[in-house]
Amino acid sequence: MPTNVIMPQMGESIAEGTLTKWLKKPGETVKRDEPLFEISTDKVDAEIPAPSSGVLLEVLVEEGKTVPINTVVAVLGEVGESAATPSIPAAAAAPAPAPMPTAPPAPAPAPAPPPAAPAAASVPAQAPPQPGETEEELLRRRSSPVVRAIAKEHGLDISGLAGSGISGRVTKADILEVVARDAPRPEPAPPVTAPAAPPTPPAPSPAPAAIAVAAPVAVAAPAPAPAAPLVTFSGSAVIVEPMSAMRRKIAERMVESKRTSAHVTSVFEIDFTSIARLRDRVKDRFAAQYGTKLTYMPFVFRAAITALKARPLLNASISGDEIVYHREINLGMAVALDWGLIVPVIRRADDLSLVGLARAANDLASRARTKKLSPDEVAGGTFTITNHGGFGSLFASPVINQPQVAILGVGAIEKRPKVVTMPDGSDTIAVRTMAYMGVTFDHRLVDGAEGDTFMSIVKNTLENERWTELESL
């Protein structure tokens, strides 16, 4: 029997997902638990494994489509088996209504001659205005900025078009099709050139010219023409593409954070020389014994945890006019991806040893880059750390991850000359391993003195702590 592949629920608060990429094509063999397709939700991108082994008989949801959870997106079966889908309509009842109603109207315009097609495009929209919705809100709900730009350039009314997208949304393909159909309008006379063609003696040359003009307009060649002006912006050529679901969510959260918190950043210079020497001495044995790399970040995590225990205000949140103090320290660690940014969370980080922090950080970062995280692993953070120095940045002012009130930024850890005071009180210039680290805090709750005290504890821990856990290595 064929097996239905459904859009999974990637967390309690997730109601829909965007199918971003099929990893198999129809007809290809799939093994159970082998990655079958990729999805993007408002919290995480993930690869979805096949529920069973077999052949991908049919793909029901195209790439780029957003559908509710439990929607059937594909059918698996045996070689030569028919993709019988008696249960698919029931499971995919939500997305199905959009294409179904469009089938009956199609035959009606079919018999009509081509010139009447533009008029048919002016039928009432499939998605009527909602109560209290303005015309502008309707247009935004039923189209993208690119579609609205095309419509404006060609004088088209989007509200009168029946789109092929979800809930009647007008897609770029829809608007370009209407533009192509409208192209012949400036030449109503040429269609009557048939009788003009017989009198070849009077004007043989004009006839081919008229045909040459009509032929290109009849085919889809004019479609690229209207798009040409759209690929120029301020006189320059551009490429326009929609944001991914993750990019849209990042944009929303960054703007929301800037509107919510009063951002202030305080930067300290940290001497990592003793940690650098210790790490160089034990990192190979650490990897052999514990099966994970020893980077600088576990030391930073431990210093931040020490400071958060001493200054719990930076591990708090604001709820209306109330301060919420978190009893656990759940460290969010920003991970840069090729397609965006994600912040997995090390839960109860204050209960972990240096080894435990290293293992947790490396595991989360690895699974974030291979799309193996669950939504629960990117939620519930109380304080975030971002290592922007991994890309060479000396210091930065990162944006607070709401609803948190602070974020710690780690600059590039590098060797540079530094004035050092010797035991006898004299000064000398030495080569030290240094870094700039800064805390960005919400000034609605955290004052400058509180933020600087926090950073002083971080600095003292990193420069003077004895890392006894590593002494035995």
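A few notes on this one:
- Residue within the stretch 421-444 that is in a loop (DSSP other than H, G, I, E, B), modelled with pLDDT of 95 or more and over 18 Å from residue 388 (Cα atoms) present: yes
- Among residues of the stretch 400-418, those that are at pLDDT 95 or above and outside any strand (DSSP E or B), counted: 5
- Condition met for residue 273 (closer than 20 Å to residue 389 by Cα and surrounded by 15 or more Cβ atoms within 10 Å (Cβ to Cβ)): yes
- Contact map, the stretch 452-467: residues that are of a type in the set (Phe, Trp, Tyr) paired with residues that are open to solvent by 60 Å² or more (accessible area, probe 1.4 Å), Cβ distance under 8 Å, separation 6+ or inter-chain. Pairs shown: 454/311.
- Among the residues making up the stretch 393-407, a single one is farther than 22 Å from residue 259 by Cβ and open to solvent by less than 50 Å² (accessible area, probe 1.4 Å): 393.
The values are calculated or read from the model by the stated rules, or taken from the named source; none is laboratory data. In this text, all values refer to a predicted model and were calculated from it rather than measured experimentally. Please note: Cβ atoms are built from the backbone with ideal geometry, for glycine as well, and neighbour counts cover all protein chains shown. Note: areas computed on protein heavy atoms with side chains; ligands, DNA, RNA excluded. Shrake-Rupley method; radii C 1.70, N 1.55, O 1.52, S 1.80 Å.
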